[in-house]
Amino acid sequence: MTVPSAAPARNRGGRWIEEWDPEDETFWREKGARIARRNLLLSVLCEHIGFSVWTLWSVMVLFMGPEYGLTPADKFLLTSVVTLVGAVVRVPYTYAVAVFGGRNWTIVSACLLLVPTVAAFVVMEPGTSFTTFLLVGLLAGVGGGNFASSMTNINAFFPLRRKGWALGLNAGGGNLGVPVVQLVALAIIGAHGGPRVLLGVYIPLVLLAAALAAVHMDNIASVRNDTGAARDAVKDAHTWIMAFLYTGTFGSFIGYGFAFGQVLQSEFGRTPLQAAGVTFVGPLLGSLIRPVGGRLADRYGGARITLWNFVAMAGATGAVVAASVQRSLPLFTAAFIALFVLTGLGNGSTYKMIPGIFQAKAVARGLRGEEASSYGRRLSGASMGLIGAVGALGGVGINLALRQSFLTRGSGTGAFVAFLAFYGLCFAVTWTVYLRGTAPRSRTVAAAEPQPGPAYAEV
């Protein structure tokens, strides 16, 4: 919904960049790359802290023992509402970049993380009602919004040829907030015995992230909210198709990030420390490999990487189902970690597809050069917030499905069978829309080249 505009921007002073053209190779080499990388680094830090605050409750519920009076179903519901708010706020966060500036909104969004952190610190004790925990958990959802504003901001800084790497690195560094908060919890709560100490650690980290953003980040003055682009993106079928596919990749990542430890506790009888000692591994590997997914998509085409990634995700989920039926903890853990890795790989490849799709549509309309690039940036920027929001709702679905499966069957097997079927559907959609009817071609073909019919094999 935010796109670089050709309209002149008035000089506002401060850390505003008035002229920005990353597609110009001379500009990029002499000036743009250095600025873009500096903003990327700080964006990763702030988004990382946001993810950690968003997923705090996935860790804290593991250490909320019988004295807190919460059932496994209560805990799944609590993490579901946290995920839900994080998905919903992604839409307004996307608009905020153009309204306030990327740097300015990064500062604001970082400071907003103090609200859920301090509130949880106040209420985190036995005897607090489940309703209070739900309300405070809702506040933590603001951490999920940081992803949308960060991705929209970084999308404007980098040229199309480097977006897969840049967006993958930005998102992967942010996603690392999930395993990092689990590791920190393992060290701190394991040593001190309560979730409140963990919350106290993150309060100064939030302030540090906001201060660094204020000192070192920049706003791009030409980035504007384009309501026409937003309407066009909403009407474009590819926005919703990609939102569906992103539900299968990122929705799985964040949903499993919230649920993995609870499944280990509820189905395999792991203690809080035993569960926390394992749960960080999957999100860590899934986060680290996300830039690799973007890089592979840059080279071989996002649709191809995404297609075969869904095949692998279905295979890993099949192994999870088998392990759940057999009550095999080693197989379950290994398969679940493999599934995390594949969600991270797919996160990178699906997000790379978005600018490629709209660039290909521009070329198919007869546009060339900067005109085509401008059209592609306009619609891809407009669609990213919506795709990110809908995709994150997959995490809500995963936690609700697991809650229902445990209530009705006493295990997560039923939910995992449903997830397996869903990945099969994602495979079918990817092949039908973006690869059907295309012949194999050289990997050097430009990512935005239009294909026969409705498909874009290299997006």
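The values are calculated or read from the model by the stated rules, or taken from the named source; none is laboratory data. In this text the structure is predicted, and so the values were computed from the model without any measurement. Counting neighbours? That spans all protein chains shown, and the Cβs are built from the backbone with ideal geometry, glycine included. With ligands, DNA and RNA removed, areas are computed over all heavy atoms of the protein, side chains included. Shrake-Rupley method; radii C 1.70, N 1.55, O 1.52, S 1.80 Å.
Output the residue which, of all residues in the stretch 189-199 that are in a helix (DSSP H, G or I) and open to solvent by less than 30 Å² (accessible area, probe 1.4 Å), is farthest from Val278 (Cα to Cα).
Per the criteria, the residue is Leu199.
Would you check which residues across the stretch 169-188 are within 14 Å of the chain's Cα centre (by Cα), in a helix (DSSP H, G or I) and hydrophobic (A, V, I, L, M, F, W, C) and list them?
Scanning the stretch 169-188 gives Leu169, Ala171, Val178.
Please list, ordered by first then second residue, the pairs with beta carbon atoms under 9 Å, 6 or more apart or interchain, first in the stretch 208-221 and of a type in the set (S, T, N, Q), second open to solvent by less than 10 Å² (accessible area, probe 1.4 Å) and outside any helix (DSSP H, G or I).
Within 9 Å, the pairs are Asn219/Gly101.
Scan the stretch 287-295 and give yes if some residue there is open to solvent by 10 Å² or more (accessible area, probe 1.4 Å) and free of Cβ contacts under 8 Å to residues at least 60 places away in the same chain, otherwise no.
Looking through the stretch 287-295, none of the residues is open to solvent by 10 Å² or more (accessible area, probe 1.4 Å) and free of Cβ contacts under 8 Å to residues at least 60 places away in the same chain.
Got a number for residues in the stretch 129-159 being over 30 Å from Val223 (Cα atoms), aromatic (Phe, Trp, Tyr) and out of contact with any Gly (no Cβ under 8 Å at 6 or more places or on another chain)?
Count: 1.
Could you please give the count of residues in the stretch 397-414 that are open to solvent by less than 60 Å² (accessible area, probe 1.4 Å) and within 22 Å of Val85 (Cβ to Cβ)?
Residues in the stretch 397-414 being open to solvent by less than 60 Å² (accessible area, probe 1.4 Å) and within 22 Å of Val85 (Cβ to Cβ): 5 in total.
Rundown of residues vs (1) among the basic types (Lys, Arg); (2) open to solvent by 10 Å² or more (accessible area, probe 1.4 Å), yes/no style:
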site: Leu42; (1), (2): no, yes
site: Leu45; (1), (2): no, yes
site: Ser52; (1), (2): no, no
site: Lys75; (1), (2): yes, yes
site: Val85; (1), (2): no, yes
site: Arg90; (1), (2): yes, no
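Inspect all residues belonging to the stretch 278-286 and state whether any of them is in contact (Cβ under 8 Å) with a residue 24 or more places away in the chain, within 25 Å of Leu435 (Cα to Cα) and assigned to a helix (DSSP H, G or I).
no
Identify, from the list Ser80, Ser109, the residue that is closer than 15 Å to Gly177 by Cβ, of a type in the set (S, T, N, Q) and modelled with pLDDT of 90 or more.
Ser109
Is it the case that some residue within the stretch 159-168 is in contact with a Ser or Thr (Cβ under 8 Å, 6 or more places away or on another chain), surrounded by fewer than 24 Cβ atoms within 10 Å (Cβ to Cβ), among the aliphatic types (A, V, I, L, M) and part of a loop (DSSP other than H, G, I, E, B)?
No; the residues of the stretch 159-168 include none that is in contact with a Ser or Thr (Cβ under 8 Å, 6 or more places away or on another chain), surrounded by fewer than 24 Cβ atoms within 10 Å (Cβ to Cβ), among the aliphatic types (A, V, I, L, M) and part of a loop (DSSP other than H, G, I, E, B).
Please determine, by comparing only the residues of the stretch 200-247 that are more than 22 Å from Arg103 (Cα to Cα) and of a type in the set (Val, Ile, Thr), which one is most open to solvent (accessible area, probe 1.4 Å).
Val234
If you check Asp218 against the conditions, is it at pLDDT 90 or above and charged (D, E, K, R)?
Spelling it out, Asp218 is indeed at pLDDT 90 or above and charged (D, E, K, R).
Taking the residues in the stretch 127-155 that are surrounded by fewer than 24 Cβ atoms within 10 Å (Cβ to Cβ) and aliphatic (A, V, I, L, M) as candidates, determine which candidate is nearest to Val91 (Cα to Cα).
Val142
Ala297 - would you say it is out of contact with any strand residue (DSSP E or B) (no Cβ under 7 Å at 6 or more places or on another chain), closer than 30 Å to Val433 by Cα, at pLDDT 95 or above and not aromatic (Phe, Trp, Tyr)?
The answer is no for Ala297.
Being farther than 15 Å from Tyr351 by Cβ and crowded, with 21+ Cβ neighbours inside 10 Å is the requirement here; does Gln274 meet it?
Criteria not met by Gln274.
When you scan the stretch 228-241, how many residues do you find that are touching a residue at least 40 places away in the same chain (Cβ under 8 Å) and over 21 Å from the mean Cα position of the chain (by Cα)?
3
Could you check Leu367 against (1) open to solvent by 10 Å² or more (accessible area, probe 1.4 Å); (2) without any contact (Cβ under 8 Å) to a residue 24 or more places away in the chain; (3) in a helix (DSSP H, G or I) and say which number it fails?
Among (1) open to solvent by 10 Å² or more (accessible area, probe 1.4 Å); (2) without any contact (Cβ under 8 Å) to a residue 24 or more places away in the chain; (3) in a helix (DSSP H, G or I), the lone unmet condition for Leu367 is (3).
If a residue must be modelled with pLDDT under 90 and part of a helix (DSSP H, G or I), how many such residues does the stretch 268-277 contain?
Residues meeting the conditions: 6.
Just wondering, is there one or more residues in the stretch 312-333 that are within 24 Å of Trp54 (Cα to Cα) and in contact with a Phe, Trp or Tyr (Cβ under 8 Å, 6 or more places away or on another chain)?
No; the residues of the stretch 312-333 include none that is within 24 Å of Trp54 (Cα to Cα) and in contact with a Phe, Trp or Tyr (Cβ under 8 Å, 6 or more places away or on another chain).
Let me spell it out: the conditions are (1) touching a helix residue (DSSP H, G or I) at 6+ places or on another chain (Cβ under 8 Å); (2) modelled with pLDDT under 90; (3) surrounded by fewer than 17 Cβ atoms within 10 Å (Cβ to Cβ), and Gly69 meets all of them except one. Which number is the exception?
Result: Gly69 passes all but (2).
From Val82, Val122, which residue is aliphatic (A, V, I, L, M), part of a helix (DSSP H, G or I) and either over 18 Å from Val206 (Cβ atoms) or touching a helix residue (DSSP H, G or I) at 6+ places or on another chain (Cβ under 7 Å) (or both)?
Residue meeting the stated conditions: Val82.
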